[in-house]
Amino acid sequence: MGRGQWLGVAAVCAAALTCGVAAALVSRRTAARRRWNRAVAVVRGLEEGCATPTERLRRVANSLAIEMFAGLASEGASKVRMLLTCVDALPNGSEQGIYYAIDLGGTSFRVMKLELGSGSMVVNKKVEHQPIPEELTKGSSEDLFNMIAFALKNFIEREGGSAEGKALGFTFSFPVRQASISSGSLIRWTKEFSIEEAVGKDVAQCLNEALVRNGLNLQVTALVNNAVGTLAMGHYYDEDTVASVIIGAGTNASYIERSAAITKSRCLLTSELMVVNVEWGSFRPPQIPLTPYDICFNDGTHNHYDQAFEKMISGVYLGEVARLVLQRMAQESDVFGSSMNCLSTPFILSTPCLAAIREDDSPDLRVVGRVLEQQLKIQDVPLKTRKLVMRVCDIITQRAARLAAAGIVAVLQKIGRDGTLCGTTEARKIRGEPKRSVVAIEGGLYQGYSIFREYLNEALDEILGDEIASTVTLRVMEEGSGIGAALLAASYSSTRQQHSP
């Protein structure tokens with residue numbers, strides 16, 4: 001074979017090799033594009049499942065308001081419990097003196113000393129935070145309340161005060177069926193707690209007994225939950241406060257109801273008004289489909305569908321929803337490479353991390369990359385994948401905030417402050433003299449997550465319309481649940497003194 005022929009053969013081989021390499025590259029790129037498209041499809045599916053257009057939110061608000069009406073008619077008639085709190089008088093600014101409070105609602109609790117002057121003036125306030133060891137959230141009620149009483153005793157001693165004859169407010173942020181302002185039996189635990197032998201017990205009495213065991217001469221004057229405490233604080237500063245909402249680790253609402261609108265438990269109604277604890281976390285909005293990530297929740301409860309509203313809104317769960325979505329993306333594609341072991345760990349991605357991802361405004365989304373690396377051990381994530389992760393967090397945040405807004409509208413609708421005459425008309429407009437409605441809000445999700453707050457406020461305006469929205473004010477109450485408990489203790493201790501012989 002001559003030289004020319006060899007050169008021809010070599011050229012053909014080279015061309016074939018080049019074509020082969022090119023085909024392989026095209027094949028790999030096509031496969032990579034398909035894997036990427038599968039990750040994108042996961043996010044698009046999430047977006048469709050979490051959609052909350054304004055009209056849908058109006059229907060959610062209407063459904064919740066109907067459940068609220070039913071819950072006031074009889075026990076067990078509604079998805080929301082509508083618990084009567086026995087609070088029929090709210091602080092009005094005339095309270096004076098020194099009062100104590102304990103605020104229990106999650107994996108930590110607060111002890112508080114509050115000194116009040118006349119004219120809605122908090123003269124002095126001291127607060128201490130105490131963590132609760134995990135074993136006490138699943139141990140015995142006696143051990144839990146002993147620890148709380150011991151912490152209060154040490155707090156009082158460090159402050160150089162005396163517990164003698166002082167009123168105590170106890171914020172206990174779990175569903176309770178109250179028999180009086182100072183007593184109530186635990187219906188069930190939520191969040192991280194599962195002390196089964198405590199269910200059915202009077203939690204105020206449990207604390208009172210622990211206080212005696214620790215040598216403290218004071219007893220619970222007012223037993224409330226965080227929503228009622230926040231409402232009390234809001235009313236202390238502004239008498240136009242008609243409701244309160246908690247949007248933090250958990251979520252709930254309370255509001256002032258006319259006793260005439262309540263047909264159940266008439267024996268508890270002793271005045272014209274009663275504060276109602278909605279317990280809206282158990283609401284399941286029929287207009288909002290459960291996504292695959294909502295359905296596969298397993299937080300240790302017997303019923304994975306329980307507390308649906310809370311799981312879509314509250315801080316305990318939003319990070320976990322995002323983790324489940326990211327896990328599905330990793331299973332469907334290679335967007336996170338081989339580093340996906342941590343994505344299998346429940347609750348490894350907290351809601352503060354979700355918020356940090358969503359609020360990252362750096363050009364290269366370096367905060368997103370840092371969170372993925374530090375929390376999930378996923379390294380060297382390209383920018384386009386970081387953007388996709390941010391989109392996941394945005395979708396979950398937006399659904400949560402907009403559903404919370406619908407919940408607020410439902411409460412306003414129930415008391416005739418949404419412009420629909422308690423839901424009897426579709427048009428929202430002011431009829432007669434405009435009434436100002438203040439909703440007190442507490443919770444780190446609303447207070448500390450600016451984008452969540454913006455989405456909620458935006459949705460509230462959309463649902464209510466400009467005219468009605470202008471009459472509604474959302475007012476943040478810092479440490480409202482604890483301060484409110486102390487204020488109610490002050491209010492009810494004053495009432496008792498006025499009625500004592």
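What length, rounded to one decimal in nm, is gained on full extension from D361 through to D394, with 0.36 nm per residue of separation minus their alpha-carbon distance?
Values: separation 33, 0.36 × 33 = 11.88 nm, distance 1.30 nm.
Result: 10.6 nm gained on full extension.
May I ask you to list the aspartates and glutamates whose Cα is less than 19 Å away from that of K138, ignoring any residue fewer than eight positions away on the same chain?
The reachable aspartates and glutamates, counting only those whose Cα sits under 19 Å from K138, are D103, E192, E196, E197, D202, D299.
Leaving out ligands, DNA and RNA, and with a 1.4 Å probe, what % of the accessible surface on the chain is carbon or sulfur?
Values: 10940 of 21480 Å².
Looking at the chain in its full context, I get 51 percent from C and S.
With a 1.4 Å probe and all protein chains kept in place, how much accessible area does H129 have, in Å² rounded to the nearest 10?
Result for H129: roughly 120 Å² accessible.
Return the sequence-ordered ³J(HN,Hα) values of segment 33-43 in whole Hz as given by the Karplus equation 6.51 cos²θ - 1.76 cosθ + 1.60 applied to θ = phi - 60°, using x for Gly and Pro.
Going residue by residue, I get 5, 5, 5, 5, 4, 5, 5, 4, 4, 4, 5 Hz, with x marking Gly and Pro.
Roll a 1.4 Å probe over the protein chains and send me the accessible area per residue for segment 198-346 in Å². Could the numbers behind the result be given before it?
Details: 5300 Å² over 149 residues.
Ligands and nucleic acids excluded, the figure is 36 Å² per residue.
Please compute the modelled spin-label separation between R56 and E134, points set 7 Å along Cα→Cβ, answer in nm with one decimal.
Each label point is offset 7 Å from its Cα along the Cβ direction, giving 3.6 nm.
Each residue of segment 89-100 in turn: what ³J(HN,Hα) in whole Hz from Karplus with 6.51, -1.76, 1.60 and θ = phi - 60°, glycine and Pro shown as x?
With the stated coefficients, segment 89-100 comes to 8, 9, x, 10, x, 8, 5, 9, x, 10, 9, 10 Hz.
Using protein chains only and a probe of 1.4 angstrom, how many square angstrom of E458 are accessible, to the nearest 10?
The accessible area comes out at roughly 90 Å².
Modelled label-to-label distance, A261 and E48, 7 Å Cα→beta-carbon offset: nm?
With each label placed 7 Å out from Cα toward Cβ, I get 3.9 nm.
Would you please give the residues with an amide H less than 5 Å from that of I441, counting only those at least 5 places away or on a separate chain, with H modeled from the backbone geometry?
V245, R475, V476, M477
Tell me, what does the Kirkwood hydrodynamic radius of segment 282-420 come to in angstroms if you use every pair of distinct C-alpha atoms? Could the numbers behind the result be given before it?
Details: mean 1/r = 0.0620 Å⁻¹.
About 16.1 Å, per the Kirkwood formula over Cα pairs.
Using the C-alpha atoms of the chain, what convex hull volume per residue, in cubic angstrom, is computed? Intermediate results must be reported in sequence, preceding the final value.
Working: hull volume 92.9 nm³, N = 501.
It is 186 Å³ per residue.
Can you sort K125, K435 by 1.4 Å-probe accessible area, starting with the largest?
On the way: K125 85, K435 130 Å².
Highest to lowest solvent-accessible surface, that is K435, K125.
Rolling a 1.4 angstrom probe over the protein chains, ignoring ligands and nucleic acids, what is the accessible area of L211 in square angstrom, nearest 10?
So the heavy atoms of L211 present about 0 Å² to solvent.
If you roll a 1.4 Å probe over the heavy atoms of the protein chains, what accessible area per residue do you get for segment 45-169, in Å²?
On the way: 5320 Å² over 125 residues.
On a per-residue basis, 43 Å².
If you fit an axis through the alpha-carbon atoms of helix 141-158 and take the longest principal axis of the Cα set of the chain, what angle between them do you get, 0 to 90°, nearest 10?
Taking the Cα atoms of the chain, the angle to 141-158 is about 70 degrees.
Tell me, what HN-Hα J-couplings in whole Hz come from the Karplus equation 6.51 cos²θ - 1.76 cosθ + 1.60 at θ = phi - 60° for each residue of segment 395-407, using x for Gly and Pro?
Using θ = phi - 60°, the values come out as 4, 5, 5, 5, 4, 4, 5, 6, 5, 4, 5, 4, x Hz.
By its C-alpha gyration tensor, with a ≥ b ≥ c as the square roots of the eigenvalues, how is segment 167-264 shaped: rounded for a/c under 1.5, else prolate for a/b larger than b/c, else oblate? Can you show the working numbers first?
Details: a/c = 1.70, a/b = 1.44, b/c = 1.18.
Prolate shape, in that a/c is at least 1.5 and a/b is the bigger ratio.
Taking segment 96-176 as the region of interest, what is the percent of Cα-Cα pairs per 5 angstrom bin, listed from the shortest bin to the one with the maximum distance?
Spelled out per bin, shortest first, that is 3, 13, 24, 24, 16, 11, 5, 2, 1.
Given the C-alpha atoms of segment 235-291, compute the convex hull and give its volume per residue in Å³.
Details: hull volume 8.3 nm³, N = 57.
Normalising the Cα hull of segment 235-291 by residue number yields 145 Å³.
With label points built 7 Å along Cα→Cβ from the Cα atoms of N341 and R213, find their separation and express it in nm.
4.3
The values are calculated or read from the model by the stated rules, or taken from the named source; none is laboratory data. On a predicted model such as this, the values are computed, not experimentally measured, just so you know. Using ideal geometry, Cβ is built from the backbone for each residue, glycine included, and neighbour counts are taken over all protein chains shown. Note: areas computed on protein heavy atoms with side chains; ligands, DNA, RNA excluded. Shrake-Rupley method; radii C 1.70, N 1.55, O 1.52, S 1.80 Å.
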